[in-house]
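Accompanying notes for the structure given below.
Every number here is computed from the coordinates shown, using simple stated rules; none is lab data. Small disclaimer: the values here were computed from a predicted structure and weren't measured. Here the Cβ positions follow ideal geometry from the backbone for every residue, glycine too, while neighbour counts run over all protein chains shown.
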Amino acid sequence: MADISKVGTGLPPFIFEVDRVKIKELVHAIGDDNPIFVNKETARAEGYLDTPCPPTFVTLAFQEFTCAYLKAFEELGVSLENVLHGEEEYEYLREIYPGDLLTCGMVFESIVPKQTKSGQMVLITLRTSFTNQKGEEVLRARSLIIERK
Amino acid sequence: MIQYVDFNVLEVGDPLPPLAKDPITKVQFVRYAGASGDFNPLHTDDSVAQKGGMKGVIAQGVLIMGFMGQAISGWVNKRDLKRFKVRFMGMTYPGDIITVRATVKEKKKTEAGFFVLCDTVALDQNNEIKVSGQFEVSVGTNT
């Protein structure tokens with residue numbers, strides 16, 4: 001079970017680089033043909049400095065490229081086979097553009113055991129703040145991870 | 001210029017134009033795995049998924065969230081999207097046909113301006129909810 005004594009701690013800050021090709025790969029995988037995500041001219045005509053990141057792009061910041069989720073689960077003593085992704089939330093503060101270097105700070109906000117009909121589970125809330133290379137906070141994320149016994 | 005929904009004229013309960021997606025394919029799971037870096041084999045290897053008690057590979061929940069993000073950034077200029085949250089409800093299999101719907105839940109005025117809150121869901125061909133959520137749009141100060 002997740003180590004409750006870790007609440008309030010987190011991962012050391014990690015860097016996520018926003019790669020134009022990854023944005024293209026993501027929107028192609030989704031099947032999103034909105035030109036503002038891939039066409040600089042269209043994006044500029046809409047008032048952006050460059051192609052903005054799609055709303056769910058920062059999901060990449062937790063996966064293989066940074067291993068943030070894996071590191072968090074390891075730190076909390078949670079086994080990967082027992083976790084489900086329950087909820088995901090983003091608060092958008094500023095645009096994120098290709099080439100941005102985001103510093104990501106993840107905090108283990110809460111760990112709450114819960115008894116349900118199907119057995120004991122633990123609700124783990126991870127909160128991550130993303131800050132760009134200019135020191136501007138651009139996004140806040142909250143992931144609810146469910147640990148099943 | 002891209003035409004967005006005019007949130008200024010929407011009333012509580014109004015629906016937004018639904019986004020109907022093509023049937024989901026296994027190839028899409030593989031592409032999403034590569035794009036996102038989520039290489040959990042539950043999404044790409046039938047034998048692993050079957051060992052886990054599923055009939056085969058399932059979609060990454062965040063792929064379906066991505067469909068909802070696609071719908072939202074078609075309805076509203078991305079920069080006016082202030083908040084987006086989802087709850088992952090059910091498993092999505094290859095062949096499932098997802099439609100993203102949303103309705104206006106609340107219009108509110110705060111110190112920061114005017115906002116429209118919408119409920120949104122991703123449903124399959126049997127109207128089963130796969131992902132449910134909410135998003136908040138800034139509509140400036142002219143309402």
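Find the centroid of the Cα atoms in region A:13-28 and in region B:29-85, then give the distance between the two in whole Å.
Taking the Cα centre of region B:29-85 as reference, the centre of region A:13-28 is 15 Å away.
For region B:8-138, what relative contact order do you get, as a whole percent, if you take Cα pairs closer than 8 Å and at least 6 residues apart?
For region B:8-138, the relative contact order is 29 percent.
Do any GluC sites (Glu not before Pro) in region B:103-142 lie in a DSSP loop with no more than 10 other beta carbon atoms within 10 Å, and if so, which?
The qualifying sites are B:Glu111.
Any idea what the dipole of chain B comes to, in debye rounded to 20, about its Cα centre with Lys/Arg Cβ at +1 and Asp/Glu Cβ at -1?
Taking the Cα centre of chain B as origin, the dipole is about 260 debye.
Output the 0 to 90 degree angle, nearest 10, between the alpha-carbon long axis of helix A:20-30 and the longest principal axis computed from the alpha carbons of chain A.
Once rounded, the angle reads 70 degrees.
Among the listed pairs B:Lys78/B:Lys130; B:Lys51/B:Lys130; B:Lys105/B:Lys130; A:Lys134/B:Lys78; A:Lys24/B:Lys51, which are separated by more than 26 Å between their Cα atoms?
A:Lys24/B:Lys51
With r defined as the distance between the Cβ atoms of B:Ser47 and A:Lys117 and R0 fixed at 25 Å, what FRET efficiency is calculated, to the nearest 0.05?
According to the calculation, E is roughly 0.25.
Okay, helix-only estimate at 222 nm for the protein assembly as shown: each DSSP H run of n ≥ 4 adds -39500 (n - 2.57), divide by all residues, round to 500 deg cm²/dmol; what do you get?
Result for the protein assembly as shown, helices only: -6000 deg cm²/dmol.
Convex hull over the Cα atoms of chain A, averaged projected area in nm²?
That works out to 9.6 nm².
On a 0 to 90 degree scale, rounded to 10, what angle separates helix B:26-36 from the longest Cα axis of chain B?
Helix B:26-36 and the main axis of chain B meet at about 60 degrees.
Please tell me which of these pairs span more than 25 angstrom C-alpha to C-alpha: B:Lys21/B:Lys55; A:Lys114/B:Lys108; A:Lys22/B:Lys55?
Correct reply: A:Lys114/B:Lys108; A:Lys22/B:Lys55.
Mind listing P(r) for chain B? All alpha-carbon pairs, 5 Å bins, whole percents.
Histogramming chain B at 5 Å steps yields 2, 10, 19, 19, 17, 12, 9, 7, 4, 2, 1, 0 percent.
Testing the spin-label approximation: label points 7 Å from Cα along Cα→Cβ at A:Lys6 and B:Glu11. State their distance in nm.
Reported label-point gap for A:Lys6 and B:Glu11 is 5.1 nm.
What's the long-distance tail for the protein assembly as shown, i.e. % of Cα pairs beyond 30 Å?
30 percent
Out of region B:1-99, which trypsin sites (Lys or Arg not before Pro) are coil in DSSP terms and have no more than 12 other C-beta atoms within 10 Å?
Those that pass, being in a loop and sparsely packed, are B:Lys55.
From other protein chains only, count the Cβ atoms within 10 Å of every residue's Cβ in B:67-77, then give the mean.
Mean shielding count: 5.
I'd like the GluC sites (Glu not before Pro) in region A:44-149 restricted to DSSP loop residues with at most 13 other Cβ atoms within 10 Å, sorted by number.
Taking region A:44-149 and a limit of 13 other Cβ atoms within 10 Å, the loop GluC sites (Glu not before Pro) found are A:Glu136.
Could you work out how far helix B:61-75 tilts from the main Cα principal axis of chain B, as a 0 to 90 degree angle to the nearest 10?
30 degrees
Please find the FRET efficiency linking A:Ala45 to A:Arg94, where r is the Cβ-Cβ separation and R0 is fixed at 22 Å, and quote it to the nearest 0.05.
E between A:Ala45 and A:Arg94, to the nearest 0.05, is 0.65.
Give me the one-decimal nm value for the distance between modelled label points at A:His28 and B:Thr25, 7 Å along each residue's Cα-to-Cβ direction.
In this crude spin-label approximation the distance works out to 1.3 nm.
So what is the relative contact order of chain A, in percent, for Cα pairs below 8 Å that sit 6 or more residues apart?
This gives 30 percent for chain A.
How fast does region B:99-143 diffuse by Stokes-Einstein, in µm²/s, taking the Kirkwood radius from C-alpha pairs at 4 °C and 1.567 mPa s?
In µm²/s, the coefficient rounds to 112.
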